[in-house]
1. Structure shown: which of Lys104/Lys125; Lys20/Lys52; Lys125/Lys191 lie over 24 Å apart, alpha-carbon to alpha-carbon?
2. Sorted by accessible area with a 1.4 angstrom probe, largest first, how do Val140, Val122 fall?
3. Rounded to the nearest 500 deg cm²/dmol, what is the calculated helix-only ellipticity per residue at 222 nm for the chain, with -39500 (n - 2.57) per DSSP H run of length n ≥ 4?
4. Please identify, among Lys125, Lys32, Lys20, the residue showing maximal mean-square fluctuation in a Gaussian network model of the chain using a 10 angstrom Cα cutoff.
5. Given points 7 Å out from each Cα along the Cα-Cβ axis, report the His35 to Arg57 separation in nanometres with one decimal.
6. Suppose R0 equals 45 Å. What FRET efficiency, 1/(1 + (r/R0)^6) with r the Cβ-Cβ distance, do Ser14 and Asn175 give to the nearest 0.05?
7. With label points built 7 Å along Cα→Cβ from the Cα atoms of Val116 and Asp150, find their separation and express it in nm.
8. Need the full-extension length gain, Gln185 to Ala213, defined as separation in residues times 0.36 nm minus the C-alpha distance. One decimal, nm.
Amino acid sequence: MANDAEDFAQFGISKEEKDKLVGEVIRYVLFKTHHTSGCPIKREELTQVVTKNYHQRSLPAFVINEAKDKLSSVFGYEMKELQRAQPSSKAQTRASQQSGSDPKSYILISQLPPDVYEKYVVDEKTAHLSGFTFVVISIVHLAGGKIPEDILWSQLRRMGLALGENEGSHPVFGNVKQALELLVQQRYLQKDKVNGPEGNTLYYELAERALDAPMNDRVKEYISQIVQDNTTVGAA
């Protein structure tokens, strides 16, 4: 406890002030995550929560780290940091620039065992969107991590996830175009417009959240299971 007091004392604030700032950051993270369907929260936003009334240079980092610890120990969430991925067509350009300038963001990941999370936390009304997310990421993964927009829509129609030319009508997923756009906002996917001989082509590419090791491993396992099931059915 003495070390903790020394840590925040360097900023010239009291324990009560420190606890209040940590609580404000936690409330912001929980509220924003709920109201944006889990879209990543920029570190800059959390920094502004702290610097609204305090201007010590290193205080935001200290408060954010305290909030991360409390979210884990009290609420059972890992506040995971993501480094924004750049579209592959821009990767070489970005590599020649300052790599440290890419903004960091955070997402919340439940630390509950999968069976407990599914039983007590998952909302049945939105569970189908998790399935949609997994399918779309798997399609893009199988295409090598990047797929033209028209080919993606063609694959979704073949699977019955988008009906005819009206991309907005589906009895389960509703407006599929909006559902796809949400995956971009959640940073599972990113858009990349590429200039070619026949004009501009819009690609959907895996973003940092889909490239994250745990998610990437789950997608590979999911694809392997489908291949195995199809092989079993074919053999029968």
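1. Lys104/Lys125; Lys125/Lys191
2. Output order, biggest surface exposure first: Val122, Val140.
3. Value at 222 nm, helices only: -17000 deg cm²/dmol.
4. Answer for the Gaussian network model of the chain: Lys125.
5. For His35 paired with Arg57, the spin-label model returns 3.4 nm.
6. My answer for the efficiency is 0.35.
7. Output for this residue pair reads 5.0 nm.
8. Length gained between Gln185 and Ala213: 8.1 nm.
The values are calculated or read from the model by the stated rules, or taken from the named source; none is laboratory data. All values reported here derive from a predicted model rather than from experimental measurement. Please note: Cβ atoms are built from the backbone with ideal geometry, for glycine as well, and neighbour counts cover all protein chains shown. What goes into the accessible areas is simple: the full protein's heavy atoms, side chains included, and nothing from ligands, DNA or RNA. Shrake-Rupley method; radii C 1.70, N 1.55, O 1.52, S 1.80 Å.
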